[in-house]
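**Q** Before anything else, here's the structure in question.
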Amino acid sequence: MQFPLMLQDLSLWLAVIAIILLVTSQLLSPFYGVMGLPVNKRKLRNTAIAVASLFLVTVLLRIVQILA
């Protein structure tokens with residue numbers, strides 16, 4: 001069985017992942033090393049911004065499809 005992944009599905013997935021990553025990067029405690037969670041806050045925020053940028057690209061592609 002083949003699962004068709006459309007542009008709208010990809011766009012929604014990217015939006016949800018970007019929101020989760022951005023919220024996680026903002027809510028990380030300054031003492032995250034104490035919990036044993038080796039996460040670089042700057043890299044997490046940069047990844048969230050990159051995923052959000054990909055989401056915006058998919059939105060632009062959808063707009064172009066609607067106008068064409």
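**Q** Return the pairs, sorted by first residue and then second, in which the second residue is β-branched (Val, Ile, Thr) and part of a helix (DSSP H, G or I), the first residue lies in segment 14-25 and is at pLDDT 90 or above, the beta carbons are less than 6 Å apart, and the residues are 6+ apart or on different chains.
**A** The qualifying pairs are LEU14/VAL51; ILE17/VAL51; ALA18/VAL51.
**Q** If you take the residues in segment 38-60 that are in a loop (DSSP other than H, G, I, E, B) and either surrounded by 10 or more Cβ atoms within 10 Å (Cβ to Cβ) or in contact with a helix residue (DSSP H, G or I) (Cβ under 9 Å, 6 or more places away or on another chain) (or both), which one is modelled with the lowest pLDDT? Spell out the reasoning first.
**A** Initially, segment 38-60 is screened for residues in a loop (DSSP other than H, G, I, E, B), giving 38-40.
Now drop any that are not either surrounded by 10 or more Cβ atoms within 10 Å (Cβ to Cβ) or in contact with a helix residue (DSSP H, G or I) (Cβ under 9 Å, 6 or more places away or on another chain) (or both), which leaves 39-40.
Values: VAL39: 72, ASN40: 79.
Among them, the one singled out is VAL39.
**Q** Kindly indicate whether VAL34 is at pLDDT 90 or above and over 18 Å from TRP13 (Cβ atoms). If you could, list the steps in order and put the result at the bottom.
**A** Numbers: at pLDDT 90 or above: no; over 18 Å from TRP13 (Cβ atoms): yes.
Spelling it out, it is not the case that VAL34 is at pLDDT 90 or above and over 18 Å from TRP13 (Cβ atoms).
The values are calculated or read from the model by the stated rules, or taken from the named source; none is laboratory data. Small disclaimer: the values here were computed from a predicted structure and weren't measured. Cβ coordinates were reconstructed from backbone atoms using ideal geometry, including for glycine residues, and neighbour counts include every protein chain displayed.
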